[in-house]
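Just so it is clear, none of the values below were taken in a lab; they were calculated from the coordinates. Bear in mind the structure is a predicted one, so any value in this text is a computation, not a measurement. Cβ sites come from the backbone with ideal geometry, for glycine too, and all protein chains shown count toward neighbours.
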Amino acid sequence: MCIRPAIRSEAPYRFRAEPAGIKLDQNESPFDLTEPLKSRIFERLSKIPFNRYPEIHAQGLRRKIARHFEWPEDGIVVAGGSNVLVQSLVITAGLGQKVLTVTPTFPVYAMQARLLDAQLIELPLTTGFELPVAALERELSSGRGVLFLANPAAPTGNLHRRTDLLSLIEAAATDWLVVIDEAYCQFAASDYLEVVRQHRHVVSLRTFSKAFGLGGVRLGFALTTPDVAENVQKVMMPFAVSSLQQAVGEVMLDEIEAVTEVVEQISSERARLWKALSRLENITVFPSETNFLLIKVPDPARVHRELLDRGVLIRRQDHLPGLQGCVRVTIGSIEENALFLSAFQEVVMKQDRYDE
Ligand SMILES: Cc1ncc(COP(=O)(O)O)c(C=O)c1O
């Protein structure tokens, strides 16, 4: 058979859906849209002619994004999820060249590099999850390609030092595209838009799946220069974002106060949960600027399983380099967090007893 070896040897994307009452495994928003907001969306959808193709490059949604971010419309690319843009960016700047990133990080950067046979270079974060700046700069000094960095970082949850990112952006200026994946930036109340504005080789990758609460709709976008956007757009399929997706994104951008409220609630719940977890013995909860917490526990497989027995689903991360013993929990609603916390305490205290 003619399946390319790079595809044959790649393991399928690691995700198993598990039914659970309290779902804290995918860094989603715990809140569905309100009924009035959904009604507004349905009304809008009912006016769409389903027999017609959508706008080829989501122009209406791009206009709204442009207005919201004060960004030039022709510097925006919209896709059915930001992970689609990761693939397009690898095709645009990594294929036949290099894809540089760190470990652990969002696995789709490396996965797409491997599938597309780009030369993949992964450098480990320091033990404090900081960027290995000198090693990255060494890589940036030869060859060309695309550098992917999630900031706030995932799954570690920290914000990287601004000075580190700025020196990497400078080191990449001649031959590299730098993609700052800002999927979680609303929860950090900081972003790189001004930096992207000042450089012609930097992209800010955004998603509607987290703070906007539209994980099921599949929408993401890139903010960059018109030149980069035009080239990334070439590798995207024409008419790739349906008129339904475009319309939902447009309505959401008119309802930005609802998003701000959710972000505030998640951020304050994160602080509360972090404080409660940091008092527990035998575990380490890492600082987070995202909508999830990374926690090191003595036995992640047992913690995951016993939480699931109690109806709480979290995500194991202990298979990732540098994350031995780690699990990740999404910040849920107040009620979900309370149930998670009491179940987690029970499970971890049981661990204490085993250890005695
Ligand atoms: C860092 C990071 N980037 C991108 C994504 C994917 O976002 P989307 O749902 O827009 O494909 C995720 C999803 O978890 C993520 O953690």
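Quick notes on this structure:
- With all pairs of separate Cα atoms included, region 103-160 yields a Kirkwood hydrodynamic radius of 12.1 Å.
- Amide N proximity, region 190-211 versus ALA173 label position 7 Å along Cα-to-Cβ, cut-off under 20 Å: 192-204
- For the chain, adding -39500 (n - 2.57) for each run of n ≥ 4 DSSP H residues and dividing by the number of residues yields -12500 deg cm²/dmol at 222 nm.
- Cross-link partners of LYS98 among lysines (Cα-Cα below 24 Å; sequence separation of 8 or more within a chain): LYS234
- Inter-centroid distance (Cα atoms) of region 148-179 relative to region 286-356, Å: 28 Å
- Pairwise inverse Cα distances across the chain, averaged and inverted, put the Kirkwood hydrodynamic radius at 21.4 Å.
- Relative protection proxy for 159-166, 289-296, from highest mean packing down: 289-296, 159-166 (other beta-carbon atoms within 10 angstrom).
- Taken over the Cα atoms of region 180-325, the convex hull encloses 168 Å³ per residue.
- If the segment from ASP227 to SER39 were pulled out straight at 0.36 nm per residue, it would be longer than the present Cα-Cα gap by 63.9 nm.
- For the chain, a crude dipole built from +1 on the beta carbon of Lys and Arg and -1 on the beta carbon of Asp and Glu, taken about the Cα centre, is about 740 debye to the nearest 20.
- Straight-line cross-link reach from LYS350 at under 22 Å between alpha-carbon atoms covers these lysines, not counting any fewer than eight positions away in the same chain: LYS275, LYS296.
- Contour minus Cα-Cα distance for GLU257 and SER142 (0.36 nm per residue): 36.9 nm
- Debye equation applied to the C-alpha atoms of region 270-333, log10 I(q)/I(0) at 0.14 Å⁻¹: -0.37
- Fewest-first ranking of TYR53, TYR184, using other Cβ atoms within 10 Å as the exposure measure: TYR53, TYR184
- Estimated distance in nm for a label pair at SER333 and ILE3, the labels positioned 7 Å out from Cα along Cα-to-Cβ: 4.2 nm
- Estimated inter-spin distance, GLU130 and THR163, nm [label 7 Å along Cα→Cβ]: 0.9 nm
- Cβ-Cβ FRET estimate between SER268 and ARG310, R0 fixed at 22 Å, reported to 0.05: 0.35
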